[in-house]
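All remarks here apply to the structure that follows.
The values are calculated or read from the model by the stated rules, or taken from the named source; none is laboratory data. Bear in mind that the values here come from a model prediction, so they are computed numbers and not experimental data. Cβ placement follows ideal geometry from the backbone for every residue including glycine, while neighbour counts extend to all protein chains displayed. Ligands, DNA and RNA are stripped out before the accessible areas are found, and what is left, the full protein with its side chains, is counted by its heavy atoms. Shrake-Rupley method; radii C 1.70, N 1.55, O 1.52, S 1.80 Å.
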Amino acid sequence: MKINTIKITPIAIPDVPLANTKGVHGSVFLRAIIELKTDTGLVGLGETYGAKRTLTGLQKVGPTLKGLDPHNLRDLRMRVEKALPDGGGVNAPTALADHKAVDVVYSAFEIACLDLRGKEAGRPLYDLLGGAVRKTIPFGGYLFYKFAKQDCRFGPDILGEVMSPDTLVAEAKQFVAAYGFKSLKLKGGVLEPDLEIETMLKLHEAFPGHGLRIDPMGAWTVPTAMRVIDALKDKLEYLEDPVRGMDAMAELSAQTAMPLATNLVVVEFEQIIEAVKKDAVQIILSDHHYWRGATGAIHLGEMCRAAGLGVSMHSNSHLGISLAAMCHVAAATPNLTYDCDTHYPWYDKEIIKGGRFSFQNGTLQVPESPGLGVELDHEAVAELHDLYNAALVKDRDDTDEMLKYVPDYVRQVPRW
Ligand code: GKR
Ligand code: MG
């Protein structure tokens, strides 16, 4: 089996103004859809970020994959490294972590290669990753403070303004009623810490049995994080990226028994060693979009097991190809013991046949058809590709977007 056609389609999906430490989401979010066709007539699918630097990387590497055997991931890696010799990162300068272009681009094509291999073998992708230890994948409700949407040209708002503890609890109630989530994560770092503490205490009161987490993406200093921990101890499963940088995480970790999780200070294999030496984190968030694909995410799980660290799963705005891949990775990672993050409920579009995944009691069943187990709805892709062309937005910059809502906004991390 050899790859003979490579198609990369950028798409834009209507988004809502979800707030975070560095700003707010724009009117659309961007994804790139990958189709790898083989001389045997199979099509392998992938989905990744669609912002400028990732798209450029995908477009540079794509044509060099002609003739690649999807079983040879080392050859894939070499072709990616050769086509992107200058390396570099893919995120906007205002982002809080960067991901190497070679890792992100490799990851996107790796998933499509694994999809092909699963289809050729007639086996679901989780079998290629070592087999499923679970087939029911639990997800958590990902809660955001948000503005009321100003620009509804590309899609309607959801829930209006959510900028207080009480409205955030109302959001959580809607999410739990609609999807049955058994755990809840708040994207913090948006309101004053006291208001975010109040929000978490109110969530705890409203959902006493739910696992709770908060992720302020480095918005707090170590003393502020300690104050939050004192107020919320025994109420959180873990605290995600409370402070900025490996050394600040290590300083905090030395002062508290609260487990610290990260998707900001450990985003590459090399950083695991430093994190372990400094005892900076106790849980690492896996993500096949930058941890070198699904096989890399499985290796991450294995390294965390060896290092005595826990594993959870990170999310970014995404559609169903990514969600299917997340399910397969979660199915095949034995020590992924926390409910996975997902942004999926915030959007109503889909690009796979059969429409959207449907959560039951906060869970999804891992797809059982060969490969990823999803097929592309070409009409839906074409519609969102038209939106990409119309939207004019070709990059993600949450800080820039924030100025539309708060004209004197200054990005400051840590802020409190
Ligand atoms: O969607 O605003 C967002 C999140 O802040 C996302 O960009 C993060 O990557 O969900 C993420 C996280 O830090 O856990
Ligand atoms: Mg995070």
Rg/Rh for region 128-365 to two decimals, with Rh computed the Kirkwood way over all alpha-carbon pairs. 0.95
Which Cα, out of Met249, Pro193, Val265, lies furthest along the positive dipole direction of region 128-365 (beta carbon charges, K/R +1, D/E -1)? Val265
Quotient of Cα Rg and 2.2 N^0.38 Å for region 268-327, N being how many residues it contains: 1.15
In this structure, among Lys60/Lys82; Lys7/Lys66; Lys185/Lys278; Lys146/Lys187, pairs with alpha-carbon gaps over 21 Å are Lys185/Lys278
Nearest 20 debye, what's the magnitude of the dipole of the chain about its Cα centre given +1 on Lys and Arg Cβ and -1 on Asp and Glu Cβ? 760 debye
Mean accessible surface per residue for the chain, computed with a 1.4 Å probe while every protein chain stays in place, in Å²: 38 Å²
Using a 1.4 Å probe over the heavy atoms of the protein chains, calculate the carbon and sulfur portion of the accessible area of region 128-365 as a whole percent. 52 percent
If I histogram all Cα-Cα distances within region 166-216 using bins 5 Å wide from 0, what percent of pairs lands in each bin? 5, 21, 35, 26, 10, 3
Spin-label model distance (nm) - Ser358 vs Ala254, 7 Å beyond Cα toward Cβ: 5.4 nm
Cα pair distances in the chain, grouped into 10 Å bins until the bin that holds the longest one, percent each: 5, 23, 34, 27, 10, 1, 0
For helix 73-83, report the angle its Cα long axis makes with the longest principal axis of the Cα atoms of the chain; keep it between 0 and 90° and round to the nearest 10°. 80 degrees
Computed magnitude of the charge dipole of region 144-255 (debye, nearest 20; Cβ of K, R +1, Cβ of D, E -1): 360 debye
Enumerate the aspartates and glutamates that Lys394 could reach by cross-link, defined here as Cα to Cα under 19 Å, with residues fewer than 8 away along the same chain left out. Asp15, Glu47, Asp98, Asp151, Glu383, Asp386
Using alpha-carbon positions, what is the distance between the centroids of region 80-155 and region 1-51, in Å? 9 Å
About the Cα centre, charge dipole magnitude for region 128-365 (Lys/Arg +1, Asp/Glu -1 at Cβ), debye: 780 debye
Taking every eigenvalue of the Cα gyration tensor of region 148-273, multiplying by 5 and rooting it, what semi-axes result, largest first, whole Å? 27, 18, 14
Can you give the translational diffusion coefficient of region 1-63 in µm²/s, computed by Stokes-Einstein from the Kirkwood radius over Cα pairs at 25 °C and 0.890 mPa s? 186 µm²/s
